[in-house]
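Structure first, then comments.
The values are calculated or read from the model by the stated rules, or taken from the named source; none is laboratory data. Since the structure is predicted, the reported quantities are computational estimates derived from the model, not experimental observations. Virtual Cβ from ideal backbone geometry, glycine too; neighbours counted across all protein chains shown.
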Amino acid sequence: MDPIGRLMGLRYKSHPWHGIDLGEKAPELVTAFIEMVPTDTVKYEVDKSSGYLRIDRPQKYSNVIPALYGFLPQTYCGEEVGKYCEKKTQLKDIVGDGDPLDICILTEKAITHGDIIAMAIPIGGFRMVDGNEADDKIIAVLRNDATYGEIKNISDLPEIVVDRLKHYFLTYKDIPGVEQANTEITHIYGKEEALDVIKASMSDYMNWLDNIQVALSRV
């Protein structure tokens, strides 16, 4: 972050999407913003305008996120993420969902609230497709965690942990009385692909900022 940015951060709260650094060692070690924890029965997400957490919706069923859940600052799921998903799935006309890249972080510790940042090590991910949108979920471990900290790849996780995460993401958008969304997990991928997805989202973010700057220069 530049000196002016650091100075402003002392006086004003940084927007968690744009004002927090992803980290000098990204994508191998990333800074994540946590929106939800396993005890939450309400889905929270960052309001894109203000940067504050807002209530998205109460969870209608008993399923809860089995890990810390949030997103990677200064990432964007756009053209590059969509193209990467197309390449891996052979699907056509896939686009990024226009949000920062989602991340789940495994830890043995009971973290009681969101609106915090955490250092995490990506170990894999879920290639999730929602309609025609790429909605990848990066799976990571909390840095220095006593139980999960030494895990290097998603293949090293107990199967039940992966199944719980998978079940959550295939059901968390379900609403009683509403037809189920066209959502699927096409692949569970390892660390190297997770790093590629993060790199694509970092590139998309820079391209997105460039497009905004060009548009503003024409005003």
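One line per residue, one yes/no per condition, for (1) surrounded by 19 or more Cβ atoms within 10 Å (Cβ to Cβ); (2) within 21 Å of H187 (Cβ to Cβ); (3) at pLDDT 95 or above; (4) in contact with a Gly (Cβ under 7 Å, 6 or more places away or on another chain):
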residue: N63; (1), (2), (3), (4): no, no, no, no
residue: F71; (1), (2), (3), (4): yes, yes, yes, no
residue: Q74; (1), (2), (3), (4): yes, no, yes, no
residue: G78; (1), (2), (3), (4): yes, yes, yes, yes
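Considering Y84, Y168, which residue is part of a helix (DSSP H, G or I) and buried (at least 21 other Cβ atoms within 10 Å of the Cβ)?
One residue alone meets the criteria, Y84.
Take the range 58-90 and flag every residue that is farther than 24 Å from V30 by Cα and either without any contact (Cβ under 8 Å) to a residue 60 or more places away in the chain or among the acidic types (D, E) (or both).
Correct list: P58, S62, E86, K87, Q90.
Going by the structure shown, is I55 of a type in the set (V, I, T), surrounded by fewer than 22 Cβ atoms within 10 Å (Cβ to Cβ), without any contact (Cβ under 8 Å) to a residue 24 or more places away in the chain and assigned to a strand (DSSP E or B)?
When the stated conditions are applied, I55 passes them.
List every residue pair whose Cβ atoms sit under 6 Å apart, with the two residues 6 or more apart in sequence or on different chains, where the first one lies in the range 194-211 and is within 12 Å of G78 (Cα to Cα) and the second, anywhere, is part of a helix (DSSP H, G or I).
A200/E80; A200/V81; A200/Y84; S201/V81; S203/E80; D204/E80; D204/V81
Quick one: would you say P122 is within 26 Å of I212 (Cα to Cα) and at pLDDT 95 or above?
no
Residues of the range 87-118 being under 23 Å from P16 (Cα atoms), in contact with a helix residue (DSSP H, G or I) (Cβ under 8 Å, 6 or more places away or on another chain) and not in a loop (DSSP other than H, G, I, E, B), which ones?
Selection gives G96, C104, L106.
Which numbered condition in (1) closer than 20 Å to I138 by Cα; (2) under 15 Å from the mean Cα position of the chain (by Cα); (3) not in a strand (DSSP E or B) is the only one that K43 fails?
Here K43 meets the rest and fails (3).
Condition first: in a strand (DSSP E or B) and either over 23 Å from I94 (Cβ atoms) or at pLDDT 95 or above (or both). Can you find one or more residues in the range 190-199 that meet it?
yes
Can you name the number of the only condition in (1) within 24 Å of Y189 (Cβ to Cβ); (2) not in a strand (DSSP E or B) that H18 fails?
(1)
Please go through the range 9-30 and pick out each residue that is more than 15 Å from D196 (Cα to Cα), loosely packed, with under 13 Cβ neighbours inside 10 Å and at pLDDT 85 or above.
Listed by number, the list holds a single entry, E24.
In the range 97-127, what count of residues is obtained for those that are free of Cβ contacts under 8 Å to residues at least 40 places away in the same chain, more than 20 Å from T39 (Cα to Cα) and crowded, with 20+ Cβ neighbours inside 10 Å?
Selection size over the range 97-127: 1.
Looking only at the range 119-142, how many residues end up being touching a strand residue (DSSP E or B) at 6+ places or on another chain (Cβ under 7 Å) and not in a strand (DSSP E or B)?
3
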